[in-house]
Amino acid sequence: MVNFTTPNLPGASDIYNKIASKVDSIEKDVMSKLEAEASVLTSSLSTDLTDLKAKVGAMIPDLPSLPAVNLQSEITSLAALSPGSGEYTAKLASITTSFGSAISAGGYDLDSIVSDGISSLGGATGSLAAAIPNMELPSGATEAIELAKASLLPDTDSLAEKISSFSTDESVDELKGIFGDALAKKTLDESVEALASAADTAANTFTSRAERLAKELKEVQIQKRLDEVIAT
């Protein structure tokens, strides 16, 4: 976080520093008036918060109150009208006004977009989102922007997974490396049994050696103690 009290920091934002400074000032003002009457604190906060809102607005503009105009939505509305009718002509003119320049700048053709969009809505060429660009004209803006393609959702149920089956086949094909289920399971069981037996043998051997070493160590300690007694 930028320390707004240090001037001329590289990369510092003058707007952000003003906001941070105002928040710090409000916090100090509140802490200093904890014992004051509520009306006094309210009056002071009202002025400070109004100033803070103005400073934040300089960095983060208010969201538009009207929704953006979406090209795919407009094409959907156009497809529902009869070609050649007054409503169709008016809607097409509105689309041209709102998105014509952005469509040209993006390397698209309006006639192709209309044709592809209507075809996709009729089920001829797949989904509308895949057929035409996803453009929006934000409220109050004069130029539309192209957004990422909308995420597509499946419209069919997923296929049920087949239940695994186990056969009693014990065939062996060394050339292809194919072994029957029963033979593979038998071989695996034998390998596991052999590993378990080897582990038990190793554990028993280790235990036997540990007991022998402990016994030898104890005998050495006893003999050493006897030697010390004899020596005294």
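Values in this text are rule-based calculations from the coordinates and carry no lab data. Just so it is clear, the model here is predicted, and its values are computed rather than measured. Quick reminder, even Gly has a Cβ in these numbers, built from the backbone with ideal geometry, and neighbours come from all protein chains shown.
Sorted fewest first by neighbouring Cβ atoms within 10 angstrom, 179, 99, 206 come out as 206, 179, 99. Among 91, 186, a tally of other beta-carbon atoms within 10 Å of each Cβ gives an order, fewest to most, of 186, 91. Rounded, prolate or oblate: which fits the stretch 127-232 when a ≥ b ≥ c are the square roots of the eigenvalues of the alpha-carbon gyration tensor, with rounded for a/c under 1.5 and prolate only if a/b beats b/c? Here the stretch 127-232 falls in the oblate category.
Rounded to the nearest 10 degrees, the angle from helix 181-231 to the longest Cα principal axis of the chain is 60 degrees.
If R₀ is 22 angstrom, what is the calculated FRET efficiency for the pair residue 130 and residue 162, using the beta carbon separation as r and rounding to 0.05? So the FRET efficiency works out to roughly 0.10.
The residue list 101, 145, 127 was ranked by how far each Cα lies along the charge dipole of the stretch 69-147 toward its positive end, using unit charges on Cβ atoms, and 127 comes out on top. For the peptides 68-75, 189-196, the ranking by packing is 68-75, 189-196, with the highest mean count of neighbouring Cβ atoms within 10 Å listed first.
What is the stretch 66-132 by shape, rounded, prolate or oblate, if you read a ≥ b ≥ c off the alpha carbon gyration tensor as root eigenvalues and call it rounded for a/c under 1.5, prolate for a/b larger than b/c, and oblate otherwise? It comes out rounded by the Cα gyration axes. Projecting the Cα positions of 187, 77, 117 onto the charge dipole of the chain (unit charges on Cβ atoms of Lys, Arg, Asp and Glu, taken about the Cα centre) puts 187 furthest along the positive direction. Checking the Cα-Cα distances for 55/91; 91/149; 18/149; 33/53; 55/149 against a 32 Å cut-off, the pairs over it are 55/91; 18/149; 55/149. Below 29 Å, Cα to Cα, which lysines can residue 176 reach? Residues fewer than 8 away in the same chain don't count. Of all the lysines, those that pass the test against residue 176 - Cα under 29 Å, at least 8 places apart if same chain - are 162, 185, 186.
For the chain, the Cβ-based charge dipole about the Cα centre amounts to some 760 debye (Lys, Arg positive; Asp, Glu negative; other atoms uncharged).
The charge dipole of the stretch 171-232, taken about its Cα centre with unit charges on the Cβ of Lys, Arg, Asp and Glu (plus for the first two, minus for the last two), comes to roughly 340 debye. The structure-derived value of semi-axes √(5λ) of the Cα gyration tensor in Å appears in the list [x] 30, 21, 15; [y] 25, 21, 17; [z] 74, 51, 16 under the label [z].
Please report the relative contact order for the stretch 69-147, taking Cα pairs under 8 Å with a sequence separation of at least 6, and give it as a percent rounded to a whole number. Rounded, it is 37 percent for the stretch 69-147. Compared with the dominant principal axis of the Cα atoms in the chain, helix 110-121 is inclined by about 60°.
Ranking 202, 213, 223 by Cα position along the charge dipole of the stretch 172-231, where only Lys, Arg, Asp and Glu carry charges on their C-beta atoms, puts 223 farthest toward the positive end. Only Lys, Arg, Asp and Glu carry charge here, each on its Cβ (+1 for the first two, -1 for the last two); on that basis the stretch 14-59 has a dipole of about 180 debye about its Cα centre. Relative contact order of the chain: 12 percent, from C-alpha pairs under 8 Å at least 6 residues apart in sequence. With contributions of -39500 (n - 2.57) from each DSSP H run of at least four residues, the per-residue ellipticity at 222 nm computed over the chain stands at -20500 deg cm²/dmol.
Treating the angle as unsigned and between 0 and 90°, give the value, to the nearest 10°, between the Cα long axis of helix 38-59 and the longest Cα principal axis of the chain. Helix 38-59 and the main axis of the chain meet at about 90 degrees.
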